[in-house]
Amino acid sequence: MAEVSSTIDALLHENREFPPPPDFAREAVANDPGIYDRAAKDPEAFWAGMAKELHWFKPWDKVLQWDPPFAQWFVGGKLNVSYNCLDRHLDGPRRNKAALIWEGEPGDWKVYTYWDLHREVCRFANALKSLGVEKGDRITIYLPMIPELPIAMLACARIGAPHSVIFGGFSAESIRGRINDCESKLIITADGGYRRGNVVPLKRNVDEALEETPTIEKVVVVRRTGTADDLMQSGRDIWWHDAVEGQSAKCDAEPMDSEDMLYLLYTSGTTGKPKGIVHTTGGYLVGVYTTSKYVFDLKEDDVYWCTADIGWVTGHSYIVYGPLANGATSVMYEGTPDHPDRDRFWAVVEKYGCTILYTAPTAIRTFMKWGEEYPERRDLSTLRLLGTVGEPINPEAWIWYWQNIGQGRCPVVDTWWQTETGMILVTPLPGLTTLKPGSATKPFPGITADVVDENGIPVAPGQGGLLVLTKPWPAMLRTIYGDPDRYIEQYWSRFPNLYFTGDGCKKDQDGYLWLLGRVDDVINVAAHRISTMEVESALVDHHAVVEAASIGRSDDIKGQAVVAFVTLKDTVTPSDELKVELKKHVTQKIGAIARPDDIFFTAELPKTRSGKIMRRLLRDIAEGRAIGDTTTLADSSVIQTLKEKYGEETEG
Ligand code: WTA
């Protein structure tokens with residue numbers, strides 16, 4: 001844990017503190033510090049109290065059934081997530097309130113009131129039924145950031161068909177693997193989406209994926225870019241607009257069991273095969289409803305914008321389900337922050353009068369690099385609260401965000417959580433918590449987290465270790481789809497009865513938590529998880545490659561960048577063209593987010609005597625550090641040669 005301790009040293013010098021602004025604190029949704037004690041004393045009563053704010057067709061019999069490591073929440077309860085996100089708001093003044101404000105990258109935009117969204121969701125839910133979708137069928141969604149994406153998700157939730165959303169940046173092969181893993185019956189896509197002025201050919205990727213997906217019967221296609229009119233396969237493909245034509249605007253919400261699956265979301269773990277994280281209905285909704293309300297301090301007139309892509313968990317929980325369950329106005333933007341110019345985010349804030357902005361540190365660091373002139377062009381005075389998620393935020397970026405975007409007025413909530421946790425778990429409450437730049441501060445009320453050493457013993461204040469969760473929480477993953485053994489092995493076997501997060505963490509004298517990044521073989525690139533194994537399997541799939549090792553190298557903007565060390569076949573001559581080709585190959589196999597920034601050819605990789613690649617040493621080389629402990633290496637000359645060669649090549 002040598003790297004962890006050097007990061008701790010840097011963070012220990014960070015001692016600025018930001019108490020909640022008094023005006024903010026006075027009006028805050030969570031303004032009673034007693035919430036922490038109350039929730040700690042009886043977490044089940046706390047969550048049950050929150051659950052009562054939602055609509056249940058049938059109340060639960062038992063709040064929590066905990067058969068470690070398998071949890072069930074609100075056992076026996078019946079509810080529907082789509083009903084809670086839509087119908088629940090139709091009787092009062094929220095009926096005509098903006099539920100979704102959407103802006104496309106080319107500048108087109110559209111506002112859906114709760115009434116509108118309900119109508120469109122019902123029509124599409126009926127369309128799905130008429131295409132043969134039944135309760136329990138898995139539906140894959142591969143869409144750009146357009147309104148049809150949340151509409152499709154809510155329609156699936158309405159009829160009880162779990163969705164599996166795949167980020168639009170993933171390749172045909174990634175789509176295929178995800179479809180086949182959950183054997184989905186239908187896929188919803190678009191002809192294309194706009195990104196930095198270009199069209200992403202989604203339908204083409206889907207067609208390629210579907211060459212080997214025996215379970216898919218139908219493809220619903222949204223016409224967004226007009227670029228796939230010649231790609232429609234009769235009998236299999238149907239336009240979205242044709243599917244909803246003539247469908248009724250009423251569709252009863254299916255009463256779902258609290259533990260019925262709401263969705264699956266694939267994420268990278270420590271092996272090459274992405275895991276299908278399973279989220280269920282009742283506990284998940286209670287978790288995202290409660291955290292949206294308290295962490296983002298949601299008030300009736302807020303305009304809340306989370307800049308994530310719905311292809312990731314942040315978009316699921318904090319663009320769609322959490323905000324809509326609260327009856328909030330949620331903003332959604334299709335494209336990149338630099339199109340047509342680098343002030344696009346600030347133009348969106350200005351245009352819609354956003355009051356809350358939730359984004360990732362990698363975006364903030366990019367804005368820092370571009371300079372203050374871009375936010376200065378726009379009126380950001382409506383903002384009152386800022387948030388970050390996805391990776392550790394360095395104090396400099398935090399301060400820049402606070403000063404230049406929040407104009408010294410807006411609390412910054414640094415929220416730690418994971419695809420697996422479903423909901424924010426470590427975070428400030430903006431009206432109560434004194435902020436320290438770089439710290440996600442404390443567990444949310446009702447959540448118990450700790451930092452432990454290699455033996456699972458809690459560390460003393462001021463020490464670093466591994467972040468663990470000590471009790472079940474409502475939105476926790478229930479299992480890995482089709483693989484409960486992997487669920488146990490991955491999260492619950494390192495320490496008995498503790499959920500292992502895979503993150504390093506420091507606890508300071510005040511009990512604040514400082515997240516330090518992954519301690520396993522997961523690379524966090526621009527707040528997206530990629531496993532070293534995934535990149536390696538993509539590389540060895542190439543005919544020129546014998547063996548490959550990939551690592552995350554610290555990167556000023558992206559947090560980490562993928563770097564690969566590759567051993568070529570004897571018959572292959574190393575060249576720069578081959579590097580380009582290999583990068584392209586990884587993009588094809590996984591998607592552009594996994595593309596290595598650098599590829600380095602080496603005759604041998606450093607390995608232990610049992611043949612395990614020592615990625616830790618490769619990271620030392622890539623980051624130009626002193627090489628760590630090499631005593632377990634089978635052949636220590638390998639690392640010396642590598643270091644010298646790497647030095648020569650990167651200097652040149
Ligand atoms: C990292 C994203 C530090 C962490 C919601 C975690 C963070 C992984 C933070 C999960 C934060 C997320 N500070 N690190 N505020 N938020 N992480 O599944 O390493 O895409 O394990 O979920 O992101 O990434 P995932």
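The values are calculated or read from the model by the stated rules, or taken from the named source; none is laboratory data. All values reported here derive from a predicted model rather than from experimental measurement. Because the Cβ atoms are built from the backbone with ideal geometry, glycine has one as well, and the counts that use them run over all protein chains shown.
Only residues that are in contact with a helix residue (DSSP H, G or I) (Cβ under 7 Å, 6 or more places away or on another chain) and either surrounded by fewer than 22 Cβ atoms within 10 Å (Cβ to Cβ) or of a type in the set (Val, Ile, Thr) (or both): list them for the range 132-147, please. Break it down stepwise before answering.
Pass one, the range 132-147, residues in contact with a helix residue (DSSP H, G or I) (Cβ under 7 Å, 6 or more places away or on another chain): 133, 135, 138-144.
Within the range 132-147, Val133, Lys135, Ile139, Thr140, Ile141 meet the criteria.
Is it true that Pro274 is surrounded by fewer than 17 Cβ atoms within 10 Å (Cβ to Cβ) and at negative phi?
No.
What pairs come out if I take residues in the range 396-421 that are on the phi > 0 side of the Ramachandran plot and pair them with residues that are among the aromatic types (Phe, Trp, Tyr) whose C-beta lies under 7 Å away, six or more apart or interchain?
Filtered contacts from the range 396-421: Gly408/Trp402.
Test Thr427 against the criterion of being buried (at least 22 other Cβ atoms within 10 Å of the Cβ) and either within 16 Å of the ligand (Cβ to nearest atom) or aromatic (Phe, Trp, Tyr) (or both), and give yes or no.
Answer is yes for this residue.
If I filter the range 173-189 for residues that are touching a Cys at 6+ places or on another chain (Cβ under 8 Å), more than 23 Å from Thr280 (Cβ to Cβ) and outside any strand (DSSP E or B), do I get at least one hit?
no
Scan the range 339-374 for residues that are among the hydroxyl-bearing types (Ser, Thr, Tyr), modelled with pLDDT of 95 or more and within 16 Å of the ligand (Cβ to nearest atom) and jot them down.
Selection gives Tyr358, Thr359.
Take the residues in the range 305-332 that are among the aromatic types (Phe, Trp, Tyr) and within 13 Å of the ligand (Cβ to nearest atom), then tell me which one is surrounded by the most Cβ atoms within 10 Å (Cβ to Cβ). Steps first, please.
So in the range 305-332, the residues among the aromatic types (Phe, Trp, Tyr) come out as 305, 312, 318, 321.
Next, only the ones that are within 13 Å of the ligand (Cβ to nearest atom) stay: 312, 318.
Working: Trp312: 21, Tyr318: 27.
Checked the range 305-332; the qualifying residue surrounded by the most Cβ atoms within 10 Å (Cβ to Cβ) is Tyr318.
Looking only at the range 602-631, count every residue that is farther than 20 Å from Val546 by Cβ, in a helix (DSSP H, G or I) and not basic (Lys, Arg) and tell me the total.
Residues in the range 602-631 being farther than 20 Å from Val546 by Cβ, in a helix (DSSP H, G or I) and not basic (Lys, Arg): 2 in total.
Show me the helices (runs of 4 or more DSSP H) found entirely inside the range 222-327 where at least 1 residues are touching a Cys at 6+ places or on another chain (Cβ under 6 Å).
322-325
Going by the structure shown, is Pro474 modelled with pLDDT of 95 or more, assigned to a loop (DSSP other than H, G, I, E, B), under 19 Å from Ala40 (Cα atoms) and more than 16 Å from the ligand (Cβ to nearest atom)?
yes
Quick check on my filter: what residues within the range 477-507 are closer than 22 Å to Thr314 by Cβ and in a loop (DSSP other than H, G, I, E, B)?
Listed by number, the residues that qualify are Leu477, Arg478, Tyr481.
Which ones in the range 380-424 are among the β-branched types (Val, Ile, Thr), within 9 Å of the ligand (Cβ to nearest atom) and over 15 Å from Leu357 (Cβ atoms)?
Correct list: Thr419, Thr421, Ile424.
Given the conditions (1) over 30 Å from Asp260 (Cβ atoms); (2) buried (at least 21 other Cβ atoms within 10 Å of the Cβ); (3) within 12 Å of the ligand (Cβ to nearest atom), which single one is not true for Tyr499?
Only one criterion in (1) over 30 Å from Asp260 (Cβ atoms); (2) buried (at least 21 other Cβ atoms within 10 Å of the Cβ); (3) within 12 Å of the ligand (Cβ to nearest atom) is unmet by Tyr499, namely (1).
Which numbered condition in (1) of a type outside the set (D, E, K, R); (2) under 23 Å from Ala475 (Cα atoms); (3) not in a strand (DSSP E or B) is the only one that Gly107 fails?
Result: Gly107 passes all but (2).
Look at Ala544 and say whether it is free of Cβ contacts under 8 Å to residues at least 40 places away in the same chain, away from the ligand (no atom under 16 Å from the Cβ) and buried (at least 21 other Cβ atoms within 10 Å of the Cβ).
So Ala544 does not fit the description; no.
Please determine, by comparing only the residues of the range 627-649 that are in contact with a helix residue (DSSP H, G or I) (Cβ under 9 Å, 6 or more places away or on another chain) and in contact (Cβ under 8 Å) with a residue 40 or more places away in the chain, which one is surrounded by the most Cβ atoms within 10 Å (Cβ to Cβ).
Out of the qualifying residues, it is Leu642.
Out of (1) touching an Asp or Glu at 6+ places or on another chain (Cβ under 6 Å); (2) away from the ligand (no atom under 15 Å from the Cβ); (3) under 27 Å from Thr267 (Cβ atoms), the odd one out for Arg377 is which?
Every listed condition holds for Arg377 apart from (3).
Check off (1) over 30 Å from Ile551 (Cα atoms); (2) touching a residue at least 40 places away in the same chain (Cβ under 8 Å); (3) surrounded by 21 or more Cβ atoms within 10 Å (Cβ to Cβ) for Val221 and give me the number that stays unchecked.
(2)
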